Ligand SMILES: NC(=O)c1ccc[n+]([C@@H]2O[C@H](COP(=O)([O-])OP(=O)(O)OC[C@H]3O[C@@H](n4cnc5c(N)ncnc54)[C@H](OP(=O)(O)O)[C@@H]3O)[C@@H](O)[C@H]2O)c1
């Protein structure tokens with residue numbers, strides 16, 4: 001039973017020790033020390049090359065070290081290989097913290113205060129009650145649901161949008177493209193926590209922004225490919241969007257001189273809303289390996305036909 005690891009070396013050392021302790025029958029190899037390629041049953045990687053995949057004839061499972069799989073060329077992963085994404089409680093927790101931070105920053109006009117401070121101006125803003133602030137979460141999966149739970153305590157007016165219908169206590173739920181306009185029309189602060197797929201690429205575009213109430217806030221913590229960057233700039237220009245908090249970008253790191261760097265109505269963070277924890281991610285992998293060996297369903301098994 002052999003696992004091949006090809007990712008950050010430091011995390012690999014921690015995962016190797018954890019698996020050696022709790023799953024001693026598993027041999028842990030670190031790329032490029034592949035040994036006999038036909039031994040490898042499990043591959044843990046961020047972006048495995050087609051050459052590597054083709055060289056492993058007995059591969060059963062590919063574990064992504066991240067929560068998404070959009071960075072992988074899934075078409076190059078042989079059909080019989082299951083793809084499993086990372087569901088890590090520490091990653092989920094830090095994403096919820098980020099969403100709360102960003103929602104509160106927009107809700108309480110933090111960008112206006114930073115701007116006023118820089119100009120030496122004492123400029124009090126009106127206070128809107130949380131129950132009157134309509135938050136809309138795109139993506140009601142692992143991360144979207146956790147963010148909703150974290151936002152509940154403030155009493156916001158919450159809504160969510162997903163592909164298939166959901167029922168969530170205290171949350172106005174919308175599903176499918178037919179209900180997107182209704183969802184956006186009631187959303188003062190929009191949070192994108194969608195996976196990047198053929199269907200969701202470019203979803204934060206001019207059309208979407210014009211369906212939001214004028215001056216709405218936009219938070220993108222999904223992927224850079226969700227946002228049409230020039231459309232955000234023009235929506236900020238004409239006031240259909242009031243401010244944005246962005247963690248992910250089409251090109252990362254963001255290029256020097258990109259207009260987002262200096263835009264007064266945009267806050268950027270360098271793709272650090274959350275991150276797979278070294279220990280907690282290893283425990284998530286261990287849990288899934290145990291489930292797989294026991295013939296139980298794993299957490300985060302990707303449905304290839306949906307792309308997430
Ligand atoms: N910025 C960061 O640091 C960071 C960190 C981790 C993850 N992420 C991003 O967050 C994403 C979400 O993660 P997750 O674990 O919450 O994913 P997940 O559990 O797979 O949930 C995805 C959600 O999106 C919905 N969805 C998918 N396609 C849709 C469509 N075409 N229309 C409407 N809704 C759609 C799904 O609907 P159903 O419920 O109907 O299936 C589901 O509710 C990841 O894919 C990754 O890109 C970012």
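The values are calculated or read from the model by the stated rules, or taken from the named source; none is laboratory data. All figures in this text were calculated on a predicted structure; none of them were measured in a lab. Every residue, glycine as well, gets a Cβ built from its backbone with ideal geometry; the counts of neighbours run over all protein chains shown.
In the range 201-215, which residues are farther than 13 Å from residue 241 by Cβ and touching a helix residue (DSSP H, G or I) at 6+ places or on another chain (Cβ under 6 Å)? Can you show your working first?
Looking only at the range 201-215, we keep the residues that are farther than 13 Å from residue 241 by Cβ, and these are 201-203.
Answer for the range 201-215, where residues must be farther than 13 Å from residue 241 by Cβ and touching a helix residue (DSSP H, G or I) at 6+ places or on another chain (Cβ under 6 Å): 201, 203.
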When residue 144 is run through (1) in contact with a helix residue (DSSP H, G or I) (Cβ under 8 Å, 6 or more places away or on another chain); (2) in a helix (DSSP H, G or I); (3) within 7 Å of the ligand (Cβ to nearest atom), the failure sits at (1)
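Determine whether residue 136 is more than 23 Å from residue 222 (Cβ to Cβ) and either more than 10 Å from the ligand (Cβ to nearest atom) or in contact with a helix residue (DSSP H, G or I) (Cβ under 7 Å, 6 or more places away or on another chain) (or both). Walk me through how you get there before you give the answer.
Details: more than 23 Å from residue 222 (Cβ to Cβ): no; either more than 10 Å from the ligand (Cβ to nearest atom) or in contact with a helix residue (DSSP H, G or I) (Cβ under 7 Å, 6 or more places away or on another chain) (or both): yes.
Considered against the rule, which asks whether it is more than 23 Å from residue 222 (Cβ to Cβ) and either more than 10 Å from the ligand (Cβ to nearest atom) or in contact with a helix residue (DSSP H, G or I) (Cβ under 7 Å, 6 or more places away or on another chain) (or both), residue 136 comes out as no.
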Counting residues that are near the ligand (Cβ under 8 Å from one of its atoms) and crowded, with 16+ Cβ neighbours inside 10 Å, which strands (runs of 3 or more DSSP E) fully inside the range 155-198 reach at least 2? 157-162
Does residue 293 satisfy being touching a strand residue (DSSP E or B) at 6+ places or on another chain (Cβ under 9 Å) and within 25 Å of residue 69 (Cα to Cα)? no
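Scan the range 33-42 for residues that are assigned to a loop (DSSP other than H, G, I, E, B) and either buried (at least 17 other Cβ atoms within 10 Å of the Cβ) or in contact with a strand residue (DSSP E or B) (Cβ under 8 Å, 6 or more places away or on another chain) (or both) and report the count.
Residues in the range 33-42 being assigned to a loop (DSSP other than H, G, I, E, B) and either buried (at least 17 other Cβ atoms within 10 Å of the Cβ) or in contact with a strand residue (DSSP E or B) (Cβ under 8 Å, 6 or more places away or on another chain) (or both): 2 in total.
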Would the range 271-293 turn up any residue that is within 14 Å of the ligand (Cβ to nearest atom) and closer than 16 Å to residue 229 by Cβ? yes
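Suppose we filter 62, 56, 43 for residues that are within 27 Å of residue 146 (Cα to Cα) and either away from the ligand (no atom under 14 Å from the Cβ) or touching a helix residue (DSSP H, G or I) at 6+ places or on another chain (Cβ under 6 Å) (or both); which single one remains? So that I can check it myself, show each step before the final result.
Values: 56 fails: within 27 Å of residue 146 (Cα to Cα); 43 fails: within 27 Å of residue 146 (Cα to Cα).
From the options 62, 56, 43, the qualifying one is 62.
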When you go through 260, 209, 249 one by one, which is the residue that is surrounded by 14 or more Cβ atoms within 10 Å (Cβ to Cβ) and within 12 Å of the ligand (Cβ to nearest atom)? 249
Specify the residue that is nearest to residue 137 (Cα to Cα); the eligible residues are those in the range 212-227 that are surrounded by fewer than 24 Cβ atoms within 10 Å (Cβ to Cβ) and within 16 Å of the ligand (Cβ to nearest atom). 223
In this structure, does residue 141 turn out to be surrounded by 14 or more Cβ atoms within 10 Å (Cβ to Cβ) and at pLDDT 95 or above? yes
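Can you confirm whether residue 204 is closer than 22 Å to residue 101 by Cα, within 10 Å of the ligand (Cβ to nearest atom) and within 19 Å of the chain's Cα centre (by Cα)? Before the answer, list the steps.
Numbers: closer than 22 Å to residue 101 by Cα: yes; within 10 Å of the ligand (Cβ to nearest atom): no; within 19 Å of the chain's Cα centre (by Cα): yes.
When the stated conditions are applied, residue 204 does not pass them.
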